[in-house]
Amino acid sequence: MLQQPLLQQLQSLRLRGMASALEHQLAVPDTLALSFDDRLGLLVQHEIADRASQRLHQRLRWAKLPQSACLEDLDTKTLRGIDRATLAQVTDLSWIRQHLNVLVTGPTGVGKSFLASAIAHAACRADYAVRAYRLPRLIDELTKAGAMHNRSSFFRGLAKFDLLVIDDFGIAPIADQTQRDLLEILDDRYDKKSTILTSQLPVEQWHACLGDPTLADAILDRLVHNSYRLNLSGDSMRKRKTKNTASTTAD
């Protein structure tokens, strides 16, 4: 079979990884000396790798993570108050299979969103479906869904994600309707899916932040008691970066 028609047929079958690998083999004379089985094996391996890469790209696009981060970027030498054993359990991701949650707390600028994004990125790499929202943006989406009378459909969509990230919880008062919506979201996920939540407030202050004691009890019961806690401490990394930049400029 002629080479160009074969490449076109592979593309039409959406075997783009194999097509790319075949083009590479044809351009490198040494590979032509390999046996048929070896060359076919290389084509299949390339197709598998290409599909995995495309799947990861799609999951990351759907996830809309608040920051571009991965576990390899974490500074393990400076754990900022995090217990190493707990961090190891969280980065293992087995808690997602167990439908548990992760709560990341600490003052502004210590890297909560970065850590949550790195964990969520690892979940995408492990082929989990992930979606991330800053709480103000989630509230906007809930408001739009209510105005269009499709709040139930929006809830069903969120319930399908293996991991939901809610960033910046408690930075502003939460309206009663939003509290009820959060309860609906967390109730759908309880013992079925996992959630990461970041907040500047210690977990002990969340009840008071929510205001309505009944709703607060219900929300925290579905979120806190089946969770790992990562409490970050230290100075703001943003301030440190600004100081380092100013120092470099002065030099």
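The values are calculated or read from the model by the stated rules, or taken from the named source; none is laboratory data. Worth saying up front: this structure is predicted, and the values here are computed from it rather than measured. In this analysis, Cβ positions are derived from the backbone assuming ideal geometry, glycine residues included, and neighbour counts consider all displayed protein chains.
Observations, loosely collected:
Each row is one residue, and each column tells you yes or no for (1) over 30 Å from the mean Cα position of the chain (by Cα); (2) assigned to a helix (DSSP H, G or I); (3) closer than 22 Å to Leu197 by Cβ.
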position: Leu6; (1), (2), (3): yes, yes, no
position: Gly17; (1), (2), (3): no, yes, no
position: Ala49; (1), (2), (3): no, yes, no
position: Gln67; (1), (2), (3): no, no, yes
position: Asp75; (1), (2), (3): no, no, no
position: Ile82; (1), (2), (3): no, no, yes
position: Ala88; (1), (2), (3): no, yes, yes
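- Count of residues meeting criterion [closer than 24 Å to Ala132 by Cβ and of a type in the set (A, V, I, L, M)] in region 40-95: 14
- Where a residue in region 1-24 is outside the structural domain of Gln54 (by TED's automatic domain parsing) and its partner, wherever it lies, is in a loop (DSSP other than H, G, I, E, B), with Cβ under 7 Å and at least six apart: none
- Residue within region 99-121 that is of a type in the set (Ser, Thr, Tyr), free of Cβ contacts under 8 Å to residues at least 24 places away in the same chain and surrounded by fewer than 16 Cβ atoms within 10 Å (Cβ to Cβ) present: no
- Among the numbered conditions (1) under 28 Å from Gln179 (Cα atoms); (2) in a loop (DSSP other than H, G, I, E, B), the only one that Ala120 does not meet is (2).
- The combined condition, being under 24 Å from Val224 (Cα atoms), of a type outside the set (Gly, Ala, Ser) and assigned to a strand (DSSP E or B), is not fulfilled by Ile139.
- Output for region 164-193, where each listed residue is part of a strand (DSSP E or B) and closer than 15 Å to Asn101 by Cα: Leu164, Val165, Ile166, Asp167, Phe169
- Number of the condition not met by Ile196 [criteria: (1) closer than 20 Å to Lys112 by Cα; (2) part of a helix (DSSP H, G or I)]: (2)
Yes or no, residue by residue, for (1) within 28 Å of Phe161 (Cα to Cα); (2) modelled with pLDDT under 85; (3) not assigned by TED's automatic domain parsing to the domain that holds Trp206:
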{"site": "Thr31", "(1), (2), (3)": "no, yes, yes"}
{"site": "Thr76", "(1), (2), (3)": "no, yes, no"}
{"site": "Gly81", "(1), (2), (3)": "no, yes, no"}
{"site": "Val102", "(1), (2), (3)": "yes, no, no"}
{"site": "Gly111", "(1), (2), (3)": "yes, no, no"}
{"site": "His121", "(1), (2), (3)": "yes, no, no"}
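- Residue-level analysis places Ala132 among those that are in contact (Cβ under 8 Å) with a residue 12 or more places away in the chain and not in a helix (DSSP H, G or I).
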